[in-house]
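The values are calculated or read from the model by the stated rules, or taken from the named source; none is laboratory data. The shown structure was predicted, so the numbers you read here are calculated from the model rather than taken from an experiment. Positions of Cβ are generated from backbone atoms using ideal geometry, with glycine treated the same way; all protein chains shown enter the neighbour counts. When the accessible area is computed, the model is the full protein with side chains, heavy atoms only, and any ligands, DNA or RNA have been set aside. Shrake-Rupley method; radii C 1.70, N 1.55, O 1.52, S 1.80 Å.
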Amino acid sequence: MVLYNETKSYQIMTIKEEIHWTVTATAGPELTPLNGACSVDVLVVGGGLTGCRTALGLADNGVSVTVVDSKDIGWGASGRSGGQCNPIWRKTPDQLKDILGGKHGENLIRTTLTAADDLFDDICRFDVDCDAVQAGWVQAAHTRKAITNMQQLGAAWAAAGADITEIEGDAVQDASGSPAYRWALRHSAGGHVQPLSLTRGYAKAAIARGAQMFRDTPVTELERIDSKWRAKTPHGEITAANVVLTTNGYSDGLWPNLRKTFHPLVSVSLATRPLSPEEQKTVLPGAVTISDSRLAIYYARYDRDQRLIFGCVGSTDHADMLSLRRLKGGLRTVFPQIANIEIERKWAGRIAVTPEMMPHLHEPAPGVLASLGFSGRGIAMTSVMGRALSGKLLGTANDELPFPVRPITPIPLHGLTKQLIPLAAPAMTLKDKIDTLTGGA
C-alpha cells in the first residue's frame, strides 16, 4: 500500500493479514491433541467463548468436563471479533416476547439488562486478564429513518431498566469523536475486551477447576451407545453422558443440518498504529466503543496500546483487497481526522447470523445440546449462553432459561443463499449508500 505523507514523499507499508488479537493476547493454556480414551460427564465440542464459559460453569460445580477443538482455544470467531460488549439486542423487549414467547422473553429481557455487568463481574471473579474496559457504547444512527427506529429501541429498553441516554447534534461528536453522526444512543454498560484473552482466560479458569482441554482434536463421529455418547477423534475417543456443540459459525457436518440454521457472514477488521495522546482526544474520547446502524455496520474501539480497531462486514474468510477498501472507506467516513493513518494488520472471521438475529439453543437428541447464532452480539451473549448451557445441565428447567430450546430447522434454500454470501457485503454497502442519500426512507 502507498501512503502520501505531509512531506510529499511516498512511504511503502505492508499491511499484514494477521489476526491482531493473537499478537496481543495473554498466553493460552498449553494443550495437546487427545491421544487415547477418556470418560466424562460432559463433552464440549468447540473451544470458543461459549464452549469455554460452559466448561467453566460446569467445572466450577464439580462436573467432569472435556473440551475439544479442531484447531485451538479461541481459533474461530472468539479470537477474531471486534471484542465489543454491546449489551442490548436489535429488538425491543416487546418484540423479544413476540419472538421467544412471554416466559422466555421475560427471562431474556432480565438477563440482557445485566449481561454486560455480569460479563465484567465474571472477568473479575475468575481473574481473567483481558484488557477489559467498561466505558460505554455509542450506538450511532446514520439516517433519519435509523434515528426513528433507534429512538423507539432506546426508549423501550430504557423503560425496561437499561441505562441508556439519547445524544444529538455536536454532543455525538463530543462523545464519539466522529463528525459522521448527529444522533446516537449511549449505553453506559457497554465496553470492550481482548476477545482471545477472554477466551483463554475462561479456558485457564476451567482447567484450574478440573476441566480437560485438547487442541487439534476434531470430532469425526458421534455415536449413541446405551445411555451415553461416544465421540471419535483421529487419535482417541471420549465417552460422555452429555455432549454440547458450540462450534457456531465454524460448524461442520458433525450434527445433521446444524450448519444450515444460520448464515455464515464475515466480519473484517483492521488495526491502526497506536494513536498519539492528541489523536485520542478526537477519536473515541474516554475509550468508548462505537457502532452504527448500517447494514454493513461500522464499529470501532481501542486496544490496550491505543491502536484503533475498526471493522465492518466482509465478503470472504480473508481480508481481501475489496474488504480493505471497504474498511478504509469506512474509516474515512467515521473518523476523517485520521483518514490516512497507518494500518498495521487486517483479518477476518465468521459471524453466525440466524434469521431472527438471535441465538439458537437446540436439544436435537437426548444428552445433546447445541448453541450458535450470536449475530454480532457474541461478547456479552456467549457468556449468557454459556451460563444457560451449564445451568441446564445442572438442572435448570427449560422455562427458566433465557433462550427457548427449539428444534433444528434448516433455513429454506440454505445452499443457494450460502453461495450468495460473498455478494452480501457489497449489496448491503450499496443499500447503505442509497439510504444515506435518501435518509433511509
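For residue 346, a cut-off of 19 angstrom between C-alpha atoms picks up these aspartates and glutamates, skipping any fewer than 8 places away in its own chain: 17, 18, 303, 305, 317, 320. Could you give me the ³J(HN,Hα) list for region 284-290, computed from phi with Karplus coefficients 6.51, -1.76, 1.60 and θ = phi - 60°, whole Hz, x at Gly and Pro? In residue order, the calculated couplings are 6, x, x, 6, 5, 9, 9 Hz. Computed on protein heavy atoms with a 1.4 Å probe, the accessible areas place 322, 31 in the order 322, 31, largest first.
Amide H contacts of residue 236 (H built 1.01 Å from N, in plane; Pro and chain starts excluded): 36 sit under 5 Å, all sequence-distant by 5 or more or on other chains. Taking every DSSP beta bridge that has both ends in the chain, the antiparallel portion is near 65%.
Working value for region 114-172: equivalent-ellipsoid semi-axes of 29, 14, 9 Å, each the square root of 5 times a Cα gyration tensor eigenvalue, largest first. Close amide-amide hydrogen proximity is noted between residue 48 and 74, each under 5 Å apart and 5 or more residues distant or on a separate chain (H modeled in the peptide plane; Pro and chain starts excluded). Note on region 234-285: percent of Cα-Cα distances in each 10 Å bin, starting at 0 and stopping at the bin with the largest distance, equals 15, 26, 19, 18, 16, 7. Each of the peptides 206-218, 97-109, 240-252 was scored by the mean count of other Cβ atoms within 10 Å over its residues; in descending order, highest first, they stand as 240-252, 206-218, 97-109. The residue list 349, 321, 407 was ranked by how far each Cα lies along the charge dipole of region 282-441 toward its positive end, using unit charges on Cβ atoms, and 321 comes out on top.
If the cut-off is 23 Å between C-alpha atoms, which lysines fall inside it for residue 281, apart from same-chain ones fewer than 8 positions away? Partners found: 328. Helix 144-160 and the longest principal axis of the Cα set of the chain meet at an angle near 50°. Starting from the amide H of residue 71, placed 1.01 Å from N in the peptide plane, find each other amide H under 5 Å away whose residue is 5 or more places distant or on another chain. Sorted by chain and number, the residues that satisfy this are 216, 217. Would you indicate which of (1) 22.5, 69; (2) 24.3, 80; (3) 21.5, 75 is the value of Rg and Dmax of the Cα atoms in Å derived from the coordinates of this structure? Here the calculated entry is (3).
Think of it as helices only: each DSSP H run of n ≥ 4 in the chain is worth -39500 (n - 2.57), and spread over all residues that comes to -10500 deg cm²/dmol at 222 nm. Counting only protein heavy atoms and a probe of 1.4 Å, the accessible surface of the chain is 51% carbon and sulfur.
When the alpha carbon gyration tensor of region 18-90 is reduced to an equivalent ellipsoid, its three semi-axes come out at 25, 18, 10 angstrom, largest first. Diffusion coefficient of region 322-441 by Stokes-Einstein, Kirkwood radius over Cα pairs, 20 °C, 1.002 mPa s: 120 µm²/s. Under a model in which nothing but the beta-carbon of Lys, Arg (+1) and Asp, Glu (-1) is charged, the chain shows a dipole of about 940 debye around its Cα centre. In the frame of its principal axes, region 1-138 has Cα extents of 63, 51, 28 Å, reported largest first.
Computed from backbone phi with θ = phi - 60° and the Karplus coefficients 6.51, -1.76 and 1.60, the 3J(HN,Hα) list for region 292-301 is 10, 9, 5, 5, 8, 3, 9, 8, 7, 6 Hz; x is used for glycine and proline. The residues packed around residue 426, meaning those with a beta-carbon under 14 Å from its beta-carbon, carry a net charge of +3 if Lys and Arg are +1 and Asp and Glu are -1.
The residues of region 197-239 present an accessible area of 47 Å² per residue when probed at 1.4 Å with all protein chains retained. Using every pair of distinct Cα positions in region 125-224, the Kirkwood expression returns a hydrodynamic radius of 16.9 angstrom. A simple rule links phi to the HN-Hα coupling: the Karplus curve 6.51 cos²θ - 1.76 cosθ + 1.60 with θ = phi - 60°, which for region 71-86 gives 10, 7, 4, x, 5, x, 4, 5, x, 10, 6, x, x, 8, 8, 9 Hz, with x for Gly and Pro.
Out of 384, 368, 45, any idea which swings most in a Gaussian network model of the chain, alpha carbons joined below 10 Å? Largest GNM mean-square fluctuation: 368.
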